[in-house]
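A short worksheet on the structure shown next.
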Amino acid sequence: MTTDDSVQVSVLGLGAMGSALAAALVKAGHPTTVWNRTPGRADGLLALGATPAGTAADAVRASGLVIACLLDHASVHDVLDPLAGDLAGRTLINLTTTSPAQSRESAAWAAHAGVTYLDGGIMAVPHMIGRPGASVLYSGSAEAFDRHKPLLDLWGTSTYHGDDAGLASLYDLALLAGMYVMFAGFVHGAAMVAPAGITAREFAASAAPWLSAMTGGLAGFAQVIDGGDYTVAGQQSLEFSHLGDLQAASAEQGVSTEVLDVVQGLIQRQIDAGHGAEGFARIFESLRRPA
Ligand code: FVH
């Protein structure tokens with residue numbers, strides 16, 4: 001698929017991310033109109049060739065395709081609610097991070113206003129936009145995704161997750177949950193070794209390849225979780241996974257065990273329910289049925 005650089009596009013919100021998205025569009029030759037609540041943030045984009053809009057309404061009227069990348073759901077309402085009439089008949093791609101319920105609410109609002117709606121979750125930081133490793137998840141209008149995919153691919157790998165507008169956000173937040181728990185685990189390890197005079201930088205040199213190698217186990221966990229049989233042979237059992245040694249070593253180092261305690265709590269609930277010989281992936285059941 002080649003990029004149709006004649007697609008006229010407007011970008012609402014020129015924070016760090018909105019500016020990166022707009023810059024990629026301008027550099028690819030799209031006629032790009034930009035607007036930001038606080039003036040002055042468009043200067044770099046204007047130098048690249050973007051067209052400024054004095055108001056959000058002017059920006060919306062300039063293009064058939066409107067990209068919103070604002071702070072949060074409330075700011076999307078602040079900007080777009082007064083513009084429902086102007087947006088009617090156009091396509092809105094909302095890349096603001098919102099909850100799944102908020103994304104669905106925006107989709108319903110757009111449908112009511114006669115706006116084609118695609119929601120997106122950006123899996124990248126601004127400097128990654130347009131570079132390898134950036135990806136953006138989408139859900140909502142399949143027609144909008146298919147029509148604009150060449151343009152969307154300017155930002156990173158574009159993946160469509162279905163017509164439920166909340167799914168891109170759900171995926172986005174679930175992936176971030178995995179990331180933050182992993183980061184917390186790394187920081188916990190760094191805190192453990194710090195009293196031994198090992199810097200976080202030295203620890204990271206060991207942790208990065210270790211954690212990277214461990215991601216090879218995710219597909220196996222997924223197979224067990226999807227199959228629903230935690231007795232499948234070859235898994236590390238819950239009893240074997242007991243984090244007592246890790247908690248004790250952390251305490252000896254004078255380090256809080258809070259991060260480990262959460263995981264051990266999930267393990268213990270399954271052991272207490274008589275599943276200690278089953279695989280570690282069974283903590284999925286602890287999470288699905290909160291205590
Ligand atoms: N930056 C990142 O690394 C992450 C990566 C993953 C996705 N997020 C989400 O992207 C949305 C925008 O993020 P951002 O980095 O551009 O955020 P800021 O630099 O803080 O810019 C916020 C823009 O929103 C405008 N704004 C805020 N409130 C209002 C409002 N009530 N009415 C109109 N505009 C509003 C703000 O304008 P101003 O303060 O300059 O006037 C900025 O343009 C976000 O959902 C991330 O979670 C980024």
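Using Cα centres only, tell me the gap between segment 119-134 and segment 59-107 in whole Å.
Computed from Cα coordinates, the inter-centre distance equals 19 Å.
Pick from PRO31, PRO209, PRO100: which is most flexible by mean-square fluctuation in a GNM of the chain where alpha carbon atoms under 10 Å apart are linked?
PRO209
Only helical DSSP H runs with n ≥ 4 go in: add -39500 (n - 2.57) per run for the chain, normalise by residue count and round the 222 nm mean residue ellipticity to 500 deg cm²/dmol.
The helix-only estimate for the chain comes to -14500 deg cm²/dmol at 222 nm.
Report the gain in length on full extension from LEU175 to GLN247: 0.36 nm times residue separation, minus Cα-Cα distance, nm rounded to one decimal.
Gain in length upon complete extension: 23.3 nm.
Using the 10 angstrom Cβ neighbour count as an exposure proxy, how do SER286, SER19, SER206, SER106 rank, fewest first? Let's see the in-between values first.
Working: SER286 19, SER19 22, SER206 12, SER106 26.
So the residues, fewest neighbours to most, are SER206, SER286, SER19, SER106.
For a quick size check, give me the Cα extents of segment 199-288 along its three principal axes, largest first, whole Å.
42, 28, 22
With springs connecting C-alpha atoms under 10 Å apart, model the chain as a Gaussian network and identify which of GLY228, GLY85, GLY133 has the largest mean-square fluctuation.
Answer for the Gaussian network model of the chain: GLY228.
Return the Rg/Rh ratio of segment 89-142 with Cα-based radii and a Kirkwood Rh.
1.04
D for segment 9-163, whole µm²/s, Stokes-Einstein with Kirkwood Rh over alpha-carbon pairs at 4 °C and 1.567 mPa s: what number?
Estimated diffusion coefficient is 86 µm²/s.
Might you report the magnitude of the Cβ-based charge dipole of segment 153-291 about its Cα centre, with Lys and Arg at +1 and Asp and Glu at -1, to the nearest 20 debye?
180
Give me TRP109, TRP210 ranked fewest to most by other Cβ atoms within 10 Å of their Cβ, as a rough exposure proxy.
TRP210, TRP109
Anyone know which of ALA165, ALA233, ALA57 comes out most mobile in the 10 Å Cα GNM of the chain?
Of ALA165, ALA233, ALA57, the most mobile in the Gaussian network model is ALA233.
Taking N as the number of residues in the chain, what value does Rg over Cα atoms divided by 2.2 N^0.38 Å take?
Rounded to two decimals, the normalised Rg is 1.23.
Bear in mind that the values in this text are calculations on the coordinates, not laboratory data. What you are looking at is a predicted structure, and each value in this text was computed from that prediction instead of being measured. As a convention, Cβ positions derive from the backbone with ideal geometry for all residues, glycine included, and neighbour counts pool all protein chains shown.
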